[in-house]
1. In peptide B:20-29, what is the residue-averaged number of other protein chain Cβ atoms found within 10 Å of each Cβ?
2. Hey, can you find the accessible area per residue of chain A for me, probe 1.4 Å, expressed in square angstrom?
3. Suppose we keep just the DSSP beta bridges with both residues in chain A; what percent of those would be antiparallel, to 5?
4. Hey, what number do you get for chain B at 222 nm if only DSSP H runs of n ≥ 4 count, each worth -39500 (n - 2.57), divided across all residues, to the nearest 500?
5. Could you compute how much accessible area chains A and B hide from each other, both sides summed, with a 1.4 Å probe? Nearest 100 Å² is fine.
6. For chain A, modelled as a GNM with alpha-carbon contacts under 10 angstrom, which of A:Pro28, A:Pro149, A:Pro88 fluctuates the most?
7. Arrange the peptides B:103-109, A:255-261 so that the one whose residues have, on average, the most other Cβ atoms within 10 Å appears first.
8. Using Cα positions and a limit of under 24 Å, work out the lysines in reach of A:Lys72, with same-chain residues fewer than 8 apart set aside.
Amino acid sequence: MTNAIDIRSLSRVFGQVKALEDITLSAPEGSICGLLGRNGAGKTTIMSILAGQDRPSSGTVEVFGQDPFENKALLSQISFIRDNQRYPDGYRLHHVLRIAPDFAPNWSSDVAAELVEGFRIPDRTPIKKFSRGQLSSVAVVLALASRAPLTLLDEPYLGLDATARAFFHNMLLRDFAEHPRTVMLSTHLIEESEALFDRVLIVDRGRVYVDCASEETSTLAFTVSGPAQVVEELVGGRTLLASHTVGGLRSVTVGGTADAGLGFRAHTLGAAVSPATLQQLVAGYGSAATAPEPVRTNKGAHA
Amino acid sequence: MSISPLMDYRVIMFTGEGPIFQQLAARIADDIVSGAYPEETAVPSATDFAVFHQMNPATASKGVNMLVSLGVLYKKRGIGMFVATGARKILLTRRRDEFRTQYVQPLLREAAVLEFTAAELHSMIDEQDPA
């Protein structure tokens, strides 16, 4: 398997702000990759650079082995709809649908029509007056109907109702099965979308902390919860990703895998040890006061 | 199995509790043991499972292939995935092997915590209606 995405030692600086700091990441062709992290972590900057809409301050970016910037042939293979995508004044849905195929050589009008119907996107309302959810629906139509070999979805769920979110998953997976592509999707709705991913990237404060196959994420951290004193006794001295205490109860997220001995001691003392969920892992990296050591178990992707 | 895009969305979400491919394999195995998928009948494809359970297609393939390597499912080229003859027996044997560690040992641990005697435990099992 070759990599669709290869970013090496890349930094992006805006004035005094280091948006991305020496990041290295990759995604194999045909993967659905979750890009997770807090607001301001650098997710949209990564996507902009992959889509050739921004350039790194230093380091390299390759999409299907080429630099995307000003690369017309390559850009027709990439779909990137920003979470705050703007449309020309007076545009209605049919204007967008008419112009979109010019940018997407693999455009499927059938997929577009099915999505428009499923999302119930109004055609008479100017897009300027669309609600947040309706704007997200338009973005999903553009992204999926493009059938672009690299599809970048930036916060596709913003404002989408529960039915629409499930419909989006359904359409993505159905069309993906017939027309495989590489998908990168950023989201804060981790529990709802984690089953979609075969790879997971966790970014925080401009750095990549996790880049691994999704089933490996459960080995990256564990939680210990129970009476505060017991938890303290069990994890004292370890670096905590996150902790919270309510009354006499304490729950902590710790990097690494819990050994059997710890689980047994916890059980006898009345505390519980379990692998951290992806949600807890992401929240943990996002709340760690000091930057923890990055984890990169980049198996399956070529270095 | 064709799936309408506006189907009933109360699907089981696979999250937490062990790798998702194992959860899928366990669910298919349960359906074979219960007889929902009789031997020598077709099961949905990995793609169908992926769309139905809204999971990654590679993950779904991994779950299905896990059952193939156990000899529970086999592929008919060009047609699809089928339940093997003897699949139910294979799964039952495995689950009977796991019964001691998964059910009996935790039961005895909890019984000890609650200070049940062996005799009390025996009579409790005898009295229990096997629902």
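The values are calculated or read from the model by the stated rules, or taken from the named source; none is laboratory data. A quick note: this is a predicted structure, and the numbers were derived from the prediction, not measured. As a convention, Cβ positions derive from the backbone with ideal geometry for all residues, glycine included, and neighbour counts pool all protein chains shown. Remember, those area values only see protein heavy atoms, side chains included, never the ligands or the DNA or RNA. Shrake-Rupley method; radii C 1.70, N 1.55, O 1.52, S 1.80 Å.
1. Values: counts 7, 2, 1, 1, 1, 0, 0, 0, 0, 0.
Whole-number average of other-chain Cβ neighbours for B:20-29 is 1.
2. Values: 13780 Å² over 303 residues.
Counting only protein heavy atoms, the per-residue value for chain A is 45 Å².
3. Among the beta bridges of chain A, antiparallel pairing accounts for roughly 65 percent.
4. Numbers: 6 runs with 67 residues, N = 131.
-15500 deg cm²/dmol, from helical runs alone.
5. Working: alone 14620 and 9410 Å², together 22320 Å².
The A and B chains share an interface burying roughly 1700 Å².
6. In this elastic network of chain A, the residue with the biggest mean-square fluctuation among A:Pro28, A:Pro149, A:Pro88 is A:Pro88.
7. On the way: B:103-109: 11.3, A:255-261: 13.1.
Taking the mean over residues of other Cβ atoms within 10 Å, the ranking is A:255-261, B:103-109.
8. Counting by Cα, and skipping residues close in sequence, A:Lys72 has these lysines nearby: A:Lys43.
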